[in-house]
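Scroll down for the structure; my scribbles are underneath it.
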Amino acid sequence: MTLEKTPKLRRGFRFQWEPVQQSHVLLYPEGMVKLNGSAGAILAEVDGVRPVHEIIRTLEQQFPDAGPLAADVEAFLAEAVQHQWIELS
Amino acid sequence: MTAPAGQVGPPLWLLAELTYRCPLQCPYCSNPLDYASQEHELNTEQWLDVLRQGRAMGAAQLGFSGGEPLVRQDLPELIAGARELGYYTNLITSGLGLTEGKVQAFAEAGLDHIQVSFQASDPELNNAVAGSRKAFEQKLAMARAVKAAGYPMVLNFVIHRHNIHQMNDILALCENLDADYVELATCQYYGWAFKNREGLMPSKAQLVQAEQEVNGYRDDLRNRGRPMKVIFVTPDYYEERPKACMNGWGNLFLTVAPDGTALPCHSARLLPIDFPNVQSQSLNDIWYHSPGFNHYRGDSWMPEPCRSCDEKDKDFGGCRCQAYLLTGNADNADPVCSKSPHHDRILAARTAADHATAGLDDLIYRNARNSKLLYRG
């Protein structure tokens, strides 16, 4: 994955916090994915504006005890592309 | 009958059947056979109240369906209300009654997704099944308008013995319309489709051929790098184990019928169970405490062979409506299961499908006249 690329939710996908489920979810036509903590934290930074390397830097600042996050973030974003949740431009 | 607190999760999906009115007459309609005698509909404020209650309980996915939901003049208001509450809003429509202006207005109200249903890939068959002469052309125009307005494009085709040979044509049409998702949903035999089962159910040979075509088309899409998702729902009548219907009774799905009757699925109204109405009880009471919703929760209600079956946590004994329609007792194992003592009824339906000769003219079309005829006596 190119760190310079910018991830964006695909059209029709919505990311939001669900208080009853106490988690972030991804909503799309007739579907919903309940996201775990790290997936939720990563997608919360996907705004269609900032490239992957900036997202990684932001998350590393948010979670200073987690160590380097590039590999995890890239792996999750690759998976999200595979699921057709996001697209990279 | 109250379920122990903490064991029942929230109703994450809410289906609002706004009306049973519809300009089409599809012979596989999932509405009740006696829909014509149930004319009462909740008003706008009552629907908004249902939506507020559902959202507070955790519902996130909301479907507006019917009938044809577009006949409700207050649809834009309901969409706007739902979107404001935080729902992901799906409109499930035939496309009849839709205009480019409405597509735009719904987008402005915050509608997330419009699913347009088709009956076939060509106008003659489509219009014959729909019982409407202008349906196909209108559907094409509206599918294009939906796409142009930037919605994700989901096209739905109900598949039966009269259009199951059209898989390649249907998928080519979807690609031509630039669909993002295609649902090829084989008829489920409830409501009008159960009444017409012999005239609708494909033969095993037809099904095998269709699956091959769909898989071939999927490979082709992948090779061409085209991200159109194709979902093919095969008929459970050709399975040996039942489907985990609705992911479990009263587990995720809550349907509210036009008159406010709350149901664990849109077919459950046919069961001999008293279901509560949102006009006399809160949605919370209905979901967690009503006898109707607790009736088939858990597994203590199960007779054999389900009771001692090691797969009961996987499929919950299948579908209660199917058990009722095929055996006369909704407690029984879904006869789709080869362990069911009533599995012969499924086998008989398969044999009938191999020899069926009924044409489209022999089907009973879903309209007010037929509904009243069926329920006069």
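Mind checking which residues of the range B:49-104 are within 14 Å of another protein chain (Cβ to nearest Cβ) and under 26 Å from B:Arg366 (Cα atoms)? Correct list: B:Leu62, B:Gly63, B:Phe64, B:Ser65, B:Asn90, B:Leu91, B:Ile92, B:Thr93. For the subset of the range B:83-100 comprising residues that are of a type in the set (A, V, I, L, M, F, W, C) and surrounded by fewer than 23 Cβ atoms within 10 Å (Cβ to Cβ), which member is nearest to A:Gln16 (Cα to Cα)? By that ranking, first place goes to B:Leu85.
When the range A:1-32 is filtered for residues that are closer than 26 Å to B:Gly150 by Cα and in contact (Cβ under 8 Å) with a residue 24 or more places away in the chain, the ones remaining, listed by number, are A:Lys5, A:Thr6, A:Pro7, A:Lys8, A:Leu9, A:Arg10, A:Phe13, A:Phe15, A:Leu26, A:Tyr28. The requirement of being β-branched (Val, Ile, Thr), more than 14 Å from every other protein chain (Cβ to nearest Cβ), touching a residue at least 12 places away in the same chain (Cβ under 8 Å) and part of a strand (DSSP E or B) is not satisfied by B:Val129.
Residue-wise test of (1) among the hydrophobic types (A, V, I, L, M, F, W, C); (2) free of Cβ contacts under 8 Å to residues at least 60 places away in the same chain; (3) crowded, with 20+ Cβ neighbours inside 10 Å.
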{"site": "B:Gln38", "(1), (2), (3)": "no, no, no"}
{"site": "B:Leu62", "(1), (2), (3)": "yes, yes, yes"}
{"site": "B:Gly66", "(1), (2), (3)": "no, no, yes"}
{"site": "B:Pro69", "(1), (2), (3)": "no, yes, yes"}
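Is it true that B:Glu198 is in a helix (DSSP H, G or I) and under 30 Å from B:Cys265 (Cα atoms)? Criteria met by B:Glu198.
When every residue of the range B:217-225 is checked against the conditions, none turns out to be closer than 30 Å to B:Ala109 by Cα, within 14 Å of chain A (Cβ to nearest Cβ) and not in a loop (DSSP other than H, G, I, E, B).
Scanning the range A:36-85 for residues that are at pLDDT 95 or above and of a type in the set (Val, Ile, Thr) yields A:Ile42, A:Val46, A:Val49, A:Val52, A:Ile55, A:Ile56, A:Thr58, A:Val73. Screening B:Leu270 with (1) closer than 15 Å to B:Leu42 by Cα; (2) modelled with pLDDT under 95 gives one miss only, at (1). Answer yes or no as to whether B:Gly292 is among the small types (Gly, Ala, Ser), part of a loop (DSSP other than H, G, I, E, B) and either modelled with pLDDT of 95 or more or within 15 Å of B:Asp331 (Cα to Cα) (or both). Answer is no for this residue.
Could you go through the range B:23-46 and let me know if any residue there is among the acidic types (Asp, Glu), away from every other protein chain (no Cβ under 14 Å) and touching a strand residue (DSSP E or B) at 6+ places or on another chain (Cβ under 7 Å). There is no residue in the range B:23-46 that is among the acidic types (Asp, Glu), away from every other protein chain (no Cβ under 14 Å) and touching a strand residue (DSSP E or B) at 6+ places or on another chain (Cβ under 7 Å). Scan the range B:110-121 and give yes if some residue there is over 18 Å from B:Ile231 (Cα atoms), assigned to a loop (DSSP other than H, G, I, E, B) and not hydrophobic (A, V, I, L, M, F, W, C), otherwise no. The answer is yes, given that some residue of the range B:110-121 is over 18 Å from B:Ile231 (Cα atoms), assigned to a loop (DSSP other than H, G, I, E, B) and not hydrophobic (A, V, I, L, M, F, W, C).
The values are calculated or read from the model by the stated rules, or taken from the named source; none is laboratory data. In this text, all values refer to a predicted model and were calculated from it rather than measured experimentally. Every residue, glycine among them, receives a Cβ derived from its backbone with ideal geometry; neighbour counts consider all protein chains shown.
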